[in-house]
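A.B. asks: There's a structure below that I have some questions on.
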Amino acid sequence: MGDTTQLARAQRELSRRAKLVDASELGQPTPCTEWDVRALLVHVVEGSGMARRLLDGAAAQDARAAFGREHGADLAAELDAAFAEELAGFERSGAMEMTVHHPAVGDIPGAVLYNFRTADYVLHSWDLARATGQDEGLPEDLVTATWEMLQPMAPVIGRTGVFGTGPSGDVPDDAPRQRRLLDLTGRRP
């Protein structure tokens, strides 16, 4: 069994923020310009479901079935259920070493999927906080882990289509790491 501590912490951070969202805030825009708060939460629920399917051995096409389903009014509860299933999948023996068939990036080790999911939750925690006026501070160790994973991709990250235009080039190297991470991933606080 692999160490799932960072994923569990990133999930808790996002879950905590999701539980603070009022129904009146679901239509608020987020830094992910194509999503409002509701769409962001749906994205996270469905992405977590996709990861669980991949860890269960699903083909890429079958993993896509996690997307586009109906969601209820209590997205925070759906999120917690999806997170629990996903975490259980990563905790299984061999999950980090197995090859998963990711629909967007192809065949990757489970450990890479783990890093993707952790980073997704860290970044979307900030997006949710920004959209709903919550505290935008992120746990430093999760910021560091996400930075260390994504920073080597700085020269090409803007071309992936996932992180907006990528780094602006305007944030100094001595800026706080959270600010550098947000800028790296196309977020301009």
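The values are calculated or read from the model by the stated rules, or taken from the named source; none is laboratory data. None of the values given here were measured: they were computed from a predicted structure. Methodologically, a virtual Cβ is constructed for each residue, glycine included, from the backbone with ideal geometry; neighbour enumeration extends over all protein chains shown.
A.B. asks: Under 6 Å between Cβ atoms, at least 6 apart or on separate chains: pull out the pairs that start in region 135-151 with a residue that is without any contact (Cβ under 8 Å) to a residue 40 or more places away in the chain and end on any residue that is outside any loop (DSSP other than H, G, I, E, B) and β-branched (Val, Ile, Thr).
C.D. replies: So the pair list comes out as 146/122.
A.B. asks: Being surrounded by fewer than 17 Cβ atoms within 10 Å (Cβ to Cβ) and either more than 16 Å from residue 136 (Cα to Cα) or in contact with a His (Cβ under 7 Å, 6 or more places away or on another chain) (or both) is the filter here, so list the residues in region 10-24 that pass it. Don't jump to the end; show me each part of the working.
C.D. replies: Within region 10-24, the subset surrounded by fewer than 17 Cβ atoms within 10 Å (Cβ to Cβ) is 12, 16, 19-20, 22-24.
Once the filter is applied, which keeps residues that are surrounded by fewer than 17 Cβ atoms within 10 Å (Cβ to Cβ) and either more than 16 Å from residue 136 (Cα to Cα) or in contact with a His (Cβ under 7 Å, 6 or more places away or on another chain) (or both), region 10-24 yields 22, 23, 24.
A.B. asks: Let me ask something else about it. All but one of (1) closer than 25 Å to residue 164 by Cβ; (2) touching a Leu at 6+ places or on another chain (Cβ under 7 Å) hold for residue 89, so report the exception by its number.
C.D. replies: With respect to (1) closer than 25 Å to residue 164 by Cβ; (2) touching a Leu at 6+ places or on another chain (Cβ under 7 Å), residue 89 is out only on (1).
A.B. asks: Listed residues 76, 8, 95; which is assigned to a loop (DSSP other than H, G, I, E, B), farther than 23 Å from residue 161 by Cβ and among the aliphatic types (A, V, I, L, M)?
C.D. replies: Details: 76 fails: assigned to a loop (DSSP other than H, G, I, E, B); 8 fails: assigned to a loop (DSSP other than H, G, I, E, B).
The unique qualifying residue is 95.
A.B. asks: OK, next. Run down 110, 164 and say which single residue is touching a residue at least 12 places away in the same chain (Cβ under 8 Å) and more than 20 Å from residue 6 (Cβ to Cβ). Break it down into steps so the answer makes sense when it comes.
C.D. replies: On the way: 110 fails: more than 20 Å from residue 6 (Cβ to Cβ).
The match here is 164.
A.B. asks: Does residue 71 meet the test of being touching a strand residue (DSSP E or B) at 6+ places or on another chain (Cβ under 7 Å), surrounded by fewer than 18 Cβ atoms within 10 Å (Cβ to Cβ), in contact (Cβ under 8 Å) with a residue 24 or more places away in the chain and not assigned by TED's automatic domain parsing to the domain that holds residue 183?
C.D. replies: Values: touching a strand residue (DSSP E or B) at 6+ places or on another chain (Cβ under 7 Å): no; surrounded by fewer than 18 Cβ atoms within 10 Å (Cβ to Cβ): yes; in contact (Cβ under 8 Å) with a residue 24 or more places away in the chain: yes; not assigned by TED's automatic domain parsing to the domain that holds residue 183: yes.
Against the criterion (touching a strand residue (DSSP E or B) at 6+ places or on another chain (Cβ under 7 Å), surrounded by fewer than 18 Cβ atoms within 10 Å (Cβ to Cβ), in contact (Cβ under 8 Å) with a residue 24 or more places away in the chain and not assigned by TED's automatic domain parsing to the domain that holds residue 183), residue 71 does not qualify.
A.B. asks: Test residue 34 against the stated conditions and say whether it is assigned by TED's automatic domain parsing to the domain that holds residue 118, assigned to a loop (DSSP other than H, G, I, E, B), over 15 Å from the mean Cα position of the chain (by Cα) and surrounded by fewer than 18 Cβ atoms within 10 Å (Cβ to Cβ). Step through it out loud before you land on a result.
C.D. replies: Values: assigned by TED's automatic domain parsing to the domain that holds residue 118: yes; assigned to a loop (DSSP other than H, G, I, E, B): yes; over 15 Å from the mean Cα position of the chain (by Cα): yes; surrounded by fewer than 18 Cβ atoms within 10 Å (Cβ to Cβ): yes.
When the stated conditions are applied, residue 34 passes them.
A.B. asks: To continue, here is another question. Being buried (at least 19 other Cβ atoms within 10 Å of the Cβ) and of a type in the set (Asp, Glu) narrows it down to one of 91, 86, so name that one.
C.D. replies: Values: 91 fails: buried (at least 19 other Cβ atoms within 10 Å of the Cβ).
Criteria check complete, one pass: 86.
A.B. asks: Let me ask something else. Consider residue 182 against the criteria (1) in a helix (DSSP H, G or I); (2) in the same structural domain as residue 41 (by TED's automatic domain parsing); (3) surrounded by 16 or more Cβ atoms within 10 Å (Cβ to Cβ): it satisfies all of them except one. Which criterion is unmet?
C.D. replies: (2)
A.B. asks: Looking at the structure I just gave you, is residue 174 surrounded by fewer than 17 Cβ atoms within 10 Å (Cβ to Cβ) and either β-branched (Val, Ile, Thr) or assigned to a loop (DSSP other than H, G, I, E, B) (or both)? Working first, answer last.
C.D. replies: Details: surrounded by fewer than 17 Cβ atoms within 10 Å (Cβ to Cβ): yes; either β-branched (Val, Ile, Thr) or assigned to a loop (DSSP other than H, G, I, E, B) (or both): yes.
In short, yes.
A.B. asks: What residue, of 68, 72, 57, 106, is out of contact with any Leu (no Cβ under 9 Å at 6 or more places or on another chain) and either modelled with pLDDT of 95 or more or among the polar types (S, T, N, Q) (or both)?
C.D. replies: Details: 68 fails: either modelled with pLDDT of 95 or more or among the polar types (S, T, N, Q) (or both); 72 fails: either modelled with pLDDT of 95 or more or among the polar types (S, T, N, Q) (or both); 106 fails: either modelled with pLDDT of 95 or more or among the polar types (S, T, N, Q) (or both).
Within the list 68, 72, 57, 106, the selection yields 57.
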